[in-house]
Every structure is written in C-alpha cells, then in structure tokens.
Amino acid sequence: MEQRYDIAIIGTGPAGISAAITAAARNKRVLLLGSTGSSDKVSKAHLIRNYPGLPEISGDALAEHFLEHLKKMDIQITDRKVAMIYAMGAYFSLQIDQDFVEASTVILASGVSFGKSLPGEDENLGRGVSYCATCDAALYRGKEAVVAGYAPKEESDARFLAEMAEKVVYLPVYKNADLEAMPDNLFPDRPNIEVRKSRPKSISKRDGRMVLETDEGEIETDGIFLLRESVSPDKLVPGLVLDGNHVKVDRAMATNLPGFFAAGDITGTPYQYIKAAGEGNVAALSAVSYLDRQK
Ligand SMILES: Cc1cc2nc3c(=O)[nH]c(=O)nc-3n(C[C@H](O)[C@H](O)[C@H](O)COP(=O)(O)OP(=O)(O)OC[C@H]3O[C@@H](n4cnc5c(N)ncnc54)[C@H](O)[C@@H]3O)c2cc1C
C-alpha cells in the first residue's frame, strides 16, 4: 500500500463505489476498502425497481455493474476491514488489522448494520472487549477468549485467534441461520475452538476476568471479541459527532472532523441506493475541494 493516499473510502456499497468513481475521475490517489463483491445489501436484493436507467434489475446484476465500472476505471478494491480511524491533524491514520495506512481525507460509507451495543460492551471496550481479532490476537497468547461471530466469514478470525489463544469459545450469531442444522464441530482441525450455539446478552467483569452472559448461561474468559459486519461510527472514529445513530453531516457531507466526510445509509434515512450513490458523489467532490484548499 502507498505511503499516503489522497482519499481513503471505507465501504463498497453504492455510496463508497460512487465516491471512488468521482475521486478517481478527479485524478486522486484512492484507497477503496470493503468487499470485492460490493455490499450484501446490494447483491442480496431480489428486484430493484427504483435505480434510474435500470428499471428492473436484480441486486446481483447491479453489484456486477458497479464492479465492472470500477474495473473500467482501474480502481481496485482492498478486501480488508478498517478497525479504527484516528484524526492526526493534517491526515488520518487507518488501522487495518495490524497495519496502519495514512490518508489526507476519509469518506466513511460503511452502511448501517451496527445495531445496539450489548449492556457492558461500551464500558469494557479496549479493556477486555475488542472488535478486531487480527489486531488484538497477540494479547491472548496462552489465554482464553470468546468470539461472537455475526457472519460465517468471522470463522477465519476465530481460527487465527486460536493459533495463539489456549482456548476459544465461538458463538455463531448468524442472521437467519438454522443453528440446529449447523455441525457442532465447525472447526474439526482446531480442537481448541469450542462452538456454543448461544447468543450474547451482556458483558461484565468479575475478579479481573470477563464474563459474557448468554441466553444459555455465563462464560468466564479473558477477552471477548464481537465481530460484527460494521462498528458504530463513533467507536470506529474517536471524536466523530453523531446525530442519533447516524453520522452528523452538512450538505457537503462534511462531518465535524476537518477532512472527514460520510455518505450513504450511515448519514441517515431514507436508506436507498440512489441516495447513497448521490451522497458518495458529493462527498468525493467535497474531499477534492478540501485537498485543493490544503495546497
Ligand atoms: C434486502 C434489501 C433490499 C433492498 N432493496 C432496495 C431497493 O430496491 N431500492 C433501494 O433504493 N434500496 C434498497 N435497499 C437499501 C440499500 O441496500 C441501502 O440503502 C444501500 O445499500 C446503502 O448503501 P451504502 O453504500 O450506504 O451502504 P452498504 O450498501 O450497506 O455498504 C456498506 C459497505 O461498507 C463495508 N464496511 C462496513 N464496515 C467496514 C469496515 N470497518 N471496513 C471496511 N469496509 C466496511 C461493507 O462491507 C459494505 O461493503 C435494500 C436493502 C436490503 C437489505
């Protein structure tokens, strides 16, 4: 990865992809982080009837059009998750697993699947609760950890953690999954991962250890990893001002942090593709103006 990007864009839904297209058309060095399949909220839509120019299109096909557009403009997607973003003054530092990348501006287009924190989660964040197994795995060498994976792709992070931790308890907290039908030995090659099909309810501390209350009783452990699709924006970016659950922006999609913009569902309703794509375009143009003013 480059030393410092002009614009880092987080999210590959319509907002992030639209922002990347506009920023690249303005000759900016762009880092686009998200998923090489675009966004589940796009690809899983059955039939879309309100995207201009594409009167009846499936989500899969729309995602393909988005990806094809990026390819034509030679824009790569970096399929990695951003764990934290720090405002450093003249630039932003993005933590991606154990790496740090710098960008002069950031556009946050990470959608809204974060949901409510568990009771006890916020108070213990960074003190036994983590959102990034690859970032913090080294802290659990020879210890025990619980991983609540909110999607099957988080199983790989549980595996990674189990290379260092003595024991990992994995909770598959998957949406619409038939847990009964799921095999008990999800990790046949990793005997130190125990799978429990229970849902996390709250977090507390007892005698210096973490306690995860689930719908099937307590689990005492050293650390708790909550691996959700996306993290609440104020936790991802310390100091970012919210308006309810959404990032507070003005009409230029600017947030309270100079050089930091947001677009798409994360800025509020209506949750619609074209609104997200439009905001991505505005955010990219605002980031370009901001970069020009810094010269
Ligand atoms: C089933 C379904 C059907 C829908 N049908 C329609 C419809 O017909 N018409 C319509 O207008 N709207 C529809 N919507 C709403 C639409 O999906 C959303 O409004 C739109 O996808 C929002 O786009 P976005 O770019 O803001 O976010 P999203 O599409 O949610 O994309 C967010 C992206 O950010 C990435 N991300 C999140 N956190 C991180 C991180 N930390 N690091 C890196 N990447 C990250 C995610 O992986 C994802 O790629 C539908 C939604 C659903 C769920």
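Are any residues in the stretch 160-208 under 27 Å from Gly126 (Cβ atoms) and free of Cβ contacts under 8 Å to residues at least 24 places away in the same chain, and if so, which ones?
If the condition is that a residue be under 27 Å from Gly126 (Cβ atoms) and free of Cβ contacts under 8 Å to residues at least 24 places away in the same chain, then Arg206, Asp207, Gly208 are the ones that fit.
For the stretch 87-126, what are the residues that are more than 13 Å from Lys235 (Cα to Cα), assigned to a loop (DSSP other than H, G, I, E, B) and more than 16 Å from the ligand (Cβ to nearest atom)?
Met88, Gly89, Ala90, Tyr91, Leu118, Pro119, Gly120
Check Ala262, Ala277, Ala252, Ala284 and return the single one that is surrounded by fewer than 21 Cβ atoms within 10 Å (Cβ to Cβ) and not β-branched (Val, Ile, Thr).
Among Ala262, Ala277, Ala252, Ala284, only Ala252 is surrounded by fewer than 21 Cβ atoms within 10 Å (Cβ to Cβ) and not β-branched (Val, Ile, Thr).
Spot the failing condition for Val112; the list is (1) more than 17 Å from the chain's Cα centre (by Cα); (2) crowded, with 19+ Cβ neighbours inside 10 Å; (3) hydrophobic (A, V, I, L, M, F, W, C), and only one is missed.
The one condition Val112 does not meet is (1).
Taking the stretch 244-275, which residues are within 12 Å of the ligand (Cβ to nearest atom), on the phi < 0 side of the Ramachandran plot and not in a helix (DSSP H, G or I)?
Within the stretch 244-275, His246, Val247, Ala262, Ala263, Thr269, Pro270, Tyr271, Gln272 qualify.
Only one of these conditions is not met by Gly278: (1) in contact (Cβ under 8 Å) with a residue 60 or more places away in the chain; (2) near the ligand (Cβ under 10 Å from one of its atoms); (3) assigned to a helix (DSSP H, G or I). Which number is it?
Gly278 satisfies all of (1) in contact (Cβ under 8 Å) with a residue 60 or more places away in the chain; (2) near the ligand (Cβ under 10 Å from one of its atoms); (3) assigned to a helix (DSSP H, G or I) except (2).
Looking at Leu47, Leu33, which one is free of Cβ contacts under 8 Å to residues at least 40 places away in the same chain, out of contact with any helix residue (DSSP H, G or I) (no Cβ under 7 Å at 6 or more places or on another chain), near the ligand (Cβ under 9 Å from one of its atoms) and not small (Gly, Ala, Ser)?
Leu47
Out of all the residues in the stretch 46-66, which are within 14 Å of Ile274 (Cα to Cα) and touching a Gly at 6+ places or on another chain (Cβ under 9 Å)?
Across the stretch 46-66, the qualifying residues are Ile48, Ala63, Phe66.
In this structure, does Asp292 turn out to be surrounded by fewer than 22 Cβ atoms within 10 Å (Cβ to Cβ), part of a helix (DSSP H, G or I) and within 16 Å of the ligand (Cβ to nearest atom)?
No: the conditions fail for Asp292.
What residue, of Asn192, Asn185, is farther than 22 Å from Ala83 by Cβ and either in contact with a helix residue (DSSP H, G or I) (Cβ under 8 Å, 6 or more places away or on another chain) or charged (D, E, K, R) (or both)?
Only one candidate passes the filter, namely Asn192.
FYI, it's all coordinate maths here, none of it is from the lab. Remember, it's a predicted structure, so these values are computed and weren't measured experimentally. Every residue, glycine among them, receives a Cβ derived from its backbone with ideal geometry; neighbour counts consider all protein chains shown.
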